[in-house]
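Peer 1: Quick one: this structure, given as structure tokens, is what I'll be asking you about.
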Amino acid sequence: MVSENFGDFQLQVYADAVKGVTSRYPFDYQSIERKASEALPDWVYRYVSAAAGDGRTQRANIAAYSRYGIVPRMMVSPPERDLSIEIFGERLASPIFMCPIGLVGLCAPDFKGDVAAARASAATGVPFTLSTFSQTPMEDVIHQAGATPTFFQLYLPGDRELAASFIGRAESSGYSALVVTVDSWTLGYRPVDLERGNFPQFRGFCMENYYSDKNFTKHLAKPPHEDQAAALRHYAKIFAYPVSWEDLRWIRSQTRLPIAVKGIQHADDARMAIDNGADVVYCTNHGGRQANSGISTLQLLPGVVAAAGSIPVIFDSGVRDATDAVIALALGATAVGIGRPYAYALSYGGAESLTHYLKSFLAEFDLTLAICGFKDIASLKHAGCAEAMSVGN
């Protein structure tokens, strides 16, 4: 009996079409983004799509993949594929995960995008990373993810009691890993957002992890939702906190959860992260939303992987389709995160449309490996950069 592969999803789509039933949702990134631009409130779409400066880093992230291609091998096509990996002490069905996005809670039609993403995670086995900035408290989100591992992303506040509480809440409620973001201790310069003064957190959106924490509310005379202006004034006091290696050592002392350090682009920083308590290195430039350096994360990935040695390196930035993910894995990533595309996929159908998108992504990923002659992630990595060849300058 042949086991089910992720690529079999497309067979069901074709079978449904024979019966006169075609998909309500798109399959390609351009159509997904277009639908999101029509479905989302303009200020939400602009915030999610915005990049730092003139956007050159975001464009570089996307363009970098076009310089690589996988060289297929023929007559070795595997009828069954095993795309699973081990990371954070968990066995995952594929190397794909959903990145933390601070405004994803607003990307679903009902403004409960964190819950919708967790439900899609449960339906597909693709892990969801909940941001510190969420519309729903972390304890209520994780229950929607079922048996799929869920990660919690931490923006370290300038308040150790509150930070310890966030970490403790994530561990006690069942999150599988802590993702510590170190490249966003202050906002990047984003002209698209500055044009309208568009920083939704300063308007009280996606603040429920703060508002539900006694270590935050004890500083307030009234509950946050009764006096949001006072709550946001207190938040402003603890917001811009520059994270140091000493802070990472402190975080390590606070939890037994595996820690990924998110924002690493330099080989020396990869080594420093490992030396100071990281279990996983997370290579990303925040999708071009922070420093407008112009260097794609994909260019920097092999150097980070080499510096990390046996420590896993997870990756995001510029991933727009499954072929991008295959290339990043061939260049050494252990797992690859999807960012803006999944936020857009939430916008027009919530958990249902996101589930469709993730199944489509996994199908393309699986079929790309199958057609190119790879039976699993290990065989792709064994071919590695010898199979991921430069096809342009």
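The values are calculated or read from the model by the stated rules, or taken from the named source; none is laboratory data. Note that the structure is a prediction, hence the values are computed from the model and not measured. Please note: Cβ atoms are built from the backbone with ideal geometry, for glycine as well, and neighbour counts cover all protein chains shown. These accessible areas exclude ligands, DNA and RNA; they are computed on the full protein's heavy atoms, side chains included. Shrake-Rupley method; radii C 1.70, N 1.55, O 1.52, S 1.80 Å.
Peer 1: In square angstrom, what is the accessible area per residue of region 159-274 with a 1.4 angstrom probe?
Peer 2: Accessible area per residue: 48 Å².
Peer 1: Ok, one more. Calculate what fraction, in whole %, of the accessible area of region 128-280 sits on carbon and sulfur atoms when a 1.4 Å probe is rolled over the protein chains.
Peer 2: That share works out to 51 percent.
Peer 1: Using mean Cβ contacts within 10 Å as the protection proxy, how do 366-375, 105-114, 339-348 order, highest first?
Peer 2: 339-348, 105-114, 366-375
Peer 1: Between A164, S121, S23, whose Cα lies farthest towards the positive end of the dipole of the chain when Lys and Arg beta carbons carry +1 and Asp and Glu beta carbons carry -1, centred on the Cα centre?
Peer 2: Of the candidates, A164 comes out farthest on the positive side.
Peer 1: What translational D, rounded to a whole number of µm²/s, comes out for region 1-113 from Stokes-Einstein when the hydrodynamic radius is the Kirkwood one over Cα pairs, at 37 °C and 0.692 mPa s?
Peer 2: 177
Peer 1: Here's a follow-up. I need the fraction of alpha carbon pairs in region 172-289 separated by more than 23 Å, rounded to a whole percent.
Peer 2: 45
Peer 1: Which value, in debye to the nearest 20, gives the size of the charge dipole of the chain about its Cα centre, when Lys and Arg are +1 and Asp and Glu are -1 at the Cβ?
Peer 2: Computed about the Cα centre, the dipole is about 480 debye.
Peer 1: Within straight cross-link reach of K262, meaning Cα distance under 23 Å, which lysines are found once same-chain residues fewer than 8 apart are removed?
Peer 2: K381
Peer 1: Shifting gears a bit: Using amide H atoms built in the peptide plane, which far-off residues or other-chain residues are under 5 Å from C107 H to H?
Peer 2: G113
Peer 1: Find the Cα radius of gyration of region 322-377, compare it with 2.2 N^0.38 Å by division, and give the number to two decimals.
Peer 2: In units of the 2.2 N^0.38 Å rule of thumb, it is 1.23.
Peer 1: Got a number for the accessible area of E80? Probe 1.4 Å, square angstrom, nearest 10.
Peer 2: Spelled out: E80, probe radius 1.4 Å, area about 90 Å².
Peer 1: Which distance in Å, rounded to a whole number, links the C-alpha centroids of region 166-223 and region 258-289?
Peer 2: 20
Peer 1: Give me the percent of accessible area attributable to carbon and sulfur for region 23-73, probe 1.4 angstrom.
Peer 2: The nonpolar share, carbon plus sulfur, comes to 47 percent.
Peer 1: Still on this structure, I have one more. List the lysines whose alpha-carbon lies under 20 Å from that of K359, not counting same-chain residues fewer than 8 positions away?
Peer 2: K35, K375
Peer 1: Also, I was wondering about something else. Tilt of helix 9-18 relative to the longest C-alpha principal axis of the chain, in degrees (0 to 90, nearest 10)?
Peer 2: Helix 9-18 and the main axis of the chain meet at about 70 degrees.
Peer 1: Which values, in whole Å and largest first, are the semi-axes of the equivalent ellipsoid of the chain obtained as the square root of 5 times each eigenvalue of the Cα gyration tensor?
Peer 2: 33, 24, 20
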